[in-house]
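Structure first, then comments.
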Amino acid sequence: MKRRLRQIILLAFVLILMAVSSAEMQPGSTEQDTISLQQSKGQIYLFQQVLDEFGATSPEQAAQLWGKGMLYRNGVFHYVVAAEKLRKELIAAWGRPEESYWNIGTSSPWLDSFEIVDTKILSKQKQKVIIKYFWRSSTGPVDPTTAALTIVKAGEYWQVTDVN
């Protein structure tokens, strides 16, 4: 299941990139060869609908996907494991996916690696996971930071409901 989810996320990301990049006219191509901006927006909306059907099958997977989102500066990872309320907050912060790139983070410092350093089981359906982020800049390592994720079981998936 982990492998399947990873494949689906990667496929969706690649398809989104292809749709956005092909919306621009390439040298030597005609208008008939080019996907319109409206078509690209429609495709991205359809990809988002697919992402809405998937999620993490364990709290560990939810935390790992959240960390990978930070590592790759790819908001799609956060979106796929976020609970509905948090998804709305992400969209409010980043914009709709068909209007923006969901590229999160900065060029410097950048995330070098991350590690799950603590997991507290709050109930059968709720956990608090602490992720430690290790940053780097052109001048070397930067002080690490942490994030506390609240992860809850919602139906068949585990979702991030809060990040501090």
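Among 128/153; 85/126; 124/153; 85/153; 41/85, which pairs are too far apart, with a Cα-Cα distance over 20 Å? Among 128/153; 85/126; 124/153; 85/153; 41/85, the Cα-Cα distance tops 20 Å for 41/85. Whole angstrom only: what separates the Cα centroid of region 65-87 from the Cα centroid of region 91-164? Computed from Cα coordinates, the inter-centre distance equals 7 Å. Here the Karplus relation 6.51 cos²θ - 1.76 cosθ + 1.60, evaluated at θ = phi - 60°, turns the backbone of region 98-115 into coupling constants of 7, 10, 9, 9, 6, 7, 9, x, 10, 6, 8, x, 10, 7, 8, 6, 9, 8 Hz, with x for every Gly and Pro. Between residue 138 and residue 84, the modelled labels are 4.6 nm apart [label points 7 Å from Cα along Cα→Cβ]. Simple spin-label estimate for residue 130 and residue 107 gives 3.4 nm between the two label positions (7 Å along the Cα-to-Cβ direction from each Cα).
Converting phi to 3J(HN,Hα) with the Karplus coefficients 6.51, -1.76 and 1.60 and the offset θ = phi - 60°, region 139-154 yields 9, x, x, 10, 3, x, 10, 10, 9, 9, 9, 9, 10, 10, 7, 10 Hz in sequence order, with x at every glycine or proline.
Taken together, the values in this text are just the output of simple stated rules run on the coordinates, not laboratory data. All figures in this text were calculated on a predicted structure; none of them were measured in a lab. Cβ: placed from backbone, ideal geometry, glycine included. Neighbour counts: every protein chain shown.
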